[in-house]
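Everything below concerns the one structure shown next.
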Amino acid sequence: MLIYKIFRADEWATLQADGETVGAPIDVDDGYIHFSTAQTVAATAAKYFSDVEGLVLLAVEADGLDSLKWEPAREGVLFPHLYRRMRMDDVVWSKPLPIVGGVHQFPDLT
């Protein structure tokens with residue numbers, strides 16, 4: 001099962017350059033890297049990144065990912081949280097999230 005991480009361009013550049021990251025500022029503050037599922041990622045983008053240009057969507061394979069925990073978050077829905085640094089080799093693919101008509105445009109996640 002793929003899970004998804006939204007990064008700003010500079011956060012994505014850091015992961016690419018360093019090969020690993022502690023995540024975005026919210027991840028550092030919370031002590032884990034926040035991910036979303038295919039069902040929740042659009043709502044995450046709307047809630048936390050509504051007017052942010054230049055975002056990148058990263059897909060990570062959850063099956064067999066060490067230090068991943070599923071924990072309740074918004075409205076009790078389970079979200080995947082990674083309790084270690086995210087590594088470049090965790091990334092299955094990356095795609096831009098352009099804004100069209102005020103809404104981020106997601107690739108097909110099915």
* Quick one: would you say VAL60 is modelled with pLDDT of 95 or more and aliphatic (A, V, I, L, M)? -> yes
* To do: Output the residues belonging to segment 16-51 that are aliphatic (A, V, I, L, M) and in contact with a helix residue (DSSP H, G or I) (Cβ under 6 Å, 6 or more places away or on another chain).
  => VAL22, ALA24, ILE33
* To do: Hand me the list of strands (runs of 3 or more DSSP E) wholly inside the chain holding 3 or more residues that are surrounded by 12 or more Cβ atoms within 10 Å (Cβ to Cβ) and touching a residue at least 24 places away in the same chain (Cβ under 8 Å).
  => 2-7, 55-61, 78-82, 91-97
* Among the candidates LEU82, LEU68, LEU55, which residue alone is at pLDDT 95 or above and within 21 Å of PRO98 (Cβ to Cβ)? -> LEU55
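The values are calculated or read from the model by the stated rules, or taken from the named source; none is laboratory data. Remember, it's a predicted structure, so these values are computed and weren't measured experimentally. Don't worry about glycine lacking a Cβ; one is built from the backbone with ideal geometry, like all the others, and counts go over all protein chains shown.
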